[in-house]
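> I have a structure I would like to understand better, so I am pasting it below and will then ask my questions one at a time.
The values are calculated or read from the model by the stated rules, or taken from the named source; none is laboratory data. Values in this document were obtained by computation on a predicted structure and should not be read as measured data. Here the Cβ positions follow ideal geometry from the backbone for every residue, glycine too, while neighbour counts run over all protein chains shown.
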Amino acid sequence: FVGQQSITIIGSQDWLDVCESNIVFIANIPIGYPKTDFVSHFETYGKVLSTKFVDRTGVSFAFIHFDSGLQISYDLVLSYYKSFCTKISDLSQYFGEDSTLFEDIGNTSIAFGKREIVKQIEDHFWSSDLSLVAAKDSDCQSADMSSTGINPFEDMHQIYGTLYLGCFEATQDRQALIDCGIRGILTVMCAPVPPFERYRDFKYHYIEADDVTDQDLLTRFVDAYDIIGTYTRAKTGVLVHCGAGISRSATIVVSYLMRELRMTLKESMAFVRTKRPIIRPNDGFQRQLSLYEWMGCRLDGNDRRFRQYLLKMFVPSNCRQLSQYFERLLYVENSTANLRLGPKFVCKHCHQKLFHEIHVLKSTDSTTDWTCGDLFIEPQIWMSNAIQSLAKSVAIIKCQNCVKTVAKCLRNQEVCNCRHHQNVHFLKIKLYDQKWIKEM
C-alpha cells in the first residue's frame, strides 16, 4: 500500500486492514535477497496478483499487486495513508542516508532506510501498472501516469529541451545517452562518477553534495546554471543526476528552470514533476530554493537573509567550518554587482578597519521596537584564530594592528529578542563599548 516501512511502523495487521483490490505495496529489499521468499511472505496474507522488481543502487524496488480480498472505501485508505505520512515524517530523522535497518516480520526481513525512497513513497502510491492512483497534495496531480504515459522509475527523463534529469544508473547506459544527444553529465553526489565508469564520449562535471537538510546547494546554483546553459545553448544534451534523481539533482534542475524560464518555485517544481513524477527535494533544499526565489534567482551578497543562511549552514556552535563560510561568502560577494558594504567601523585606538556595516547582525523579521544596545557582528577572516581557539566560555578578540581588545567571542550564542537581534543566528561576536568608531 504505502511503502517499505508500512508494516514495520503501523503493523502488519493494520496494513492488511486498509488494503483493498488493486492496491500495490512498495518495498525496497537488498539486492541479492531471494525475491521469491519476499513475495511468499505476502502470499501468506492474501493473493498476490502480480509482482515487479526494479533494481537500483544497493536495493531492489518491489512492486507487489496485492489483493487482500477486503472491500474498504477509498476515503478510508486515503486517511490511513495520510496518517502513515505523518509517522514517516516523525521517524525519518532517525534514518541516515546510507543506513539500512532491518525489522523481522514473521519469517522474513524487510530492509528500509534510504531517505530518497522514504520521500518517494510519501509522495505516491501506485496501481499494478505503476499508474499513480492518488497523490498527497495537488502539486503531485500532474504526475498521473495514466494520463501522461510516463514511467516515473525510468533512469532518466527529458525535462526541457536538451536537459535531462535522472539517477546514477543513467550514467552507465552509454547508448541511451548517445541516443538522447547527451554530451555533458553533471553529477550532484558525495563523489564524482569514478574514472573507470566514465566514457570518452561525454564531458563530466561535479558538484559535491549529500542529500541532507544542512547541505548547501544554494551557492552552487550559479555554477550549475552556467554548466547546464553551456549545453542547452549549443542544443546538445546534458544529464543532471544524483543517486536516485529525486532530491539533489532535482533541486539543481528546478533552480535552473526558475532562472532560465523566470518561473516561480511552485511553477518550476510542478513542471519538473510532470516530466519526472518522483522528484522530492528535501526540506533543506526547498528552503534554499525559496530563498533563491526571494533573491530574484540570483545570489545577492547584500541580502541579510542570505548572509544568515550562510552562518547557519557553515558556522555551527563549534565554528569548525569557518574556512568554508569565508570561501562561500567571498564567492558570492565578488559576484554581486553592487555590493553595499556600508560605513566602516575602525579601532578607536589606531583606526585599523575592523568591519563594515554589512557585517553587523540585524533582524529581518523583528516584531518589537526596543533595542538592547549591544553590537554583534559576523565572523571576520582576521578573527579566525581567536574564534577557532575558543577553549573557555569567552575568547578575547584583539585589533590586528595595535593588539587592543575590541571584542569577545562567546562559546554559546546569546538569545536576544530586541528589534535588532530577534531570530538572528550567531549572536557570538560581541563588540566592547568604547572600543570602536563608526566612520561616516
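> Assuming H356 fulfils every condition listed in (1) out of contact with any strand residue (DSSP E or B) (no Cβ under 6 Å at 6 or more places or on another chain); (2) farther than 16 Å from Q434 by Cα apart from one, which condition is it?
Among (1) out of contact with any strand residue (DSSP E or B) (no Cβ under 6 Å at 6 or more places or on another chain); (2) farther than 16 Å from Q434 by Cα, the lone unmet condition for H356 is (1).
> Okay, next question. Among the residues of region 148-176, write down those that are in a loop (DSSP other than H, G, I, E, B) and either at pLDDT below 90 or under 23 Å from F271 (Cα atoms) (or both).
Pass one, region 148-176, residues in a loop (DSSP other than H, G, I, E, B): 149-155, 161-162, 167, 173.
Within region 148-176, G149, I150, N151, P152, F153, E154, D155, G161, T162, C167 meet the criteria.
> Which ones in region 256-292 are within 10 Å of the chain's Cα centre (by Cα) and either not in a helix (DSSP H, G or I) or not assigned by TED's automatic domain parsing to the domain that holds L163 (or both)? Show your work before the answer.
Kept after step one, since they are within 10 Å of the chain's Cα centre (by Cα), are these residues of region 256-292: 280-289.
Once the filter is applied, which keeps residues that are within 10 Å of the chain's Cα centre (by Cα) and either not in a helix (DSSP H, G or I) or not assigned by TED's automatic domain parsing to the domain that holds L163 (or both), region 256-292 yields R280, P281, N282.
> Now a separate question. List the number of the failed condition for C402; all other conditions in (1) among the hydrophobic types (A, V, I, L, M, F, W, C); (2) closer than 24 Å to N423 by Cα; (3) part of a loop (DSSP other than H, G, I, E, B) hold.
With (1) among the hydrophobic types (A, V, I, L, M, F, W, C); (2) closer than 24 Å to N423 by Cα; (3) part of a loop (DSSP other than H, G, I, E, B) applied to C402, the lone miss is (2).
> Among the residues of region 369-380 satisfying the criterion of being at negative phi and surrounded by fewer than 12 Cβ atoms within 10 Å (Cβ to Cβ), which is modelled with the highest pLDDT?
Keep residues of region 369-380 that are at negative phi, which gives 369-372, 374-380.
Restricting the remaining residues to those that are surrounded by fewer than 12 Cβ atoms within 10 Å (Cβ to Cβ) gives 369-370.
Numbers: D369: 80, W370: 86.
Here the residue is W370.
> Under the condition of being in a loop (DSSP other than H, G, I, E, B), of a type outside the set (D, E, K, R) and touching a helix residue (DSSP H, G or I) at 6+ places or on another chain (Cβ under 7 Å), which residue from region 186-211 is surrounded by the fewest Cβ atoms within 10 Å (Cβ to Cβ)? Walk me through how you get there before you give the answer.
First pass over region 186-211, keeping only residues in a loop (DSSP other than H, G, I, E, B): 190-194, 198-202, 209-211.
This time we only want the ones that are of a type outside the set (D, E, K, R), so: 190-194, 199, 202, 209.
After this cut, where a residue has to be touching a helix residue (DSSP H, G or I) at 6+ places or on another chain (Cβ under 7 Å) as well, the list is 193, 199, 202, 209.
Working: V193: 19, Y199: 13, F202: 19, A209: 21.
In this case the residue turns out to be Y199.
> Taking the criterion of being aliphatic (A, V, I, L, M), in a helix (DSSP H, G or I), surrounded by fewer than 24 Cβ atoms within 10 Å (Cβ to Cβ) and in contact (Cβ under 8 Å) with a residue 24 or more places away in the chain, would at least one residue in region 238-255 satisfy it? Steps first, please.
In the first step, residues of region 238-255 are kept if they are aliphatic (A, V, I, L, M); the result is 238-240, 244, 246, 250, 252-254.
Cutting the leftovers down to in a helix (DSSP H, G or I) gives us 250, 252-254.
Then keep just the ones that are surrounded by fewer than 24 Cβ atoms within 10 Å (Cβ to Cβ); that gives none.
For region 238-255, residues aliphatic (A, V, I, L, M), in a helix (DSSP H, G or I), surrounded by fewer than 24 Cβ atoms within 10 Å (Cβ to Cβ) and in contact (Cβ under 8 Å) with a residue 24 or more places away in the chain: absent.
> Taking region 313-341 only, how many residues are in a loop (DSSP other than H, G, I, E, B) and either of a type outside the set (G, A, S) or surrounded by 14 or more Cβ atoms within 10 Å (Cβ to Cβ) (or both)?
If we filter region 313-341 for residues that are in a loop (DSSP other than H, G, I, E, B), which is where we start, we get 315-321, 336-341.
Within this subset, residues satisfying the condition of being either of a type outside the set (G, A, S) or surrounded by 14 or more Cβ atoms within 10 Å (Cβ to Cβ) (or both) are 315-316, 318-321, 336, 338-341.
Residues meeting the conditions: 11.
> Please go through region 177-198 and pick out each residue that is at pLDDT 95 or above and not acidic (D, E). So that I can check it myself, show each step before the final result.
Of all residues in region 177-198, those at pLDDT 95 or above come to 177-188.
Hits for region 177-198 are L177, I178, C180, G181, I182, R183, G184, I185, L186, T187, V188.
> Only one residue in A386, A407 is at pLDDT below 90 and more than 31 Å from the chain's Cα centre (by Cα), so which one is that?
Values: A407 fails: at pLDDT below 90.
Selected residue: A386, the only one of A386, A407 that is at pLDDT below 90 and more than 31 Å from the chain's Cα centre (by Cα).
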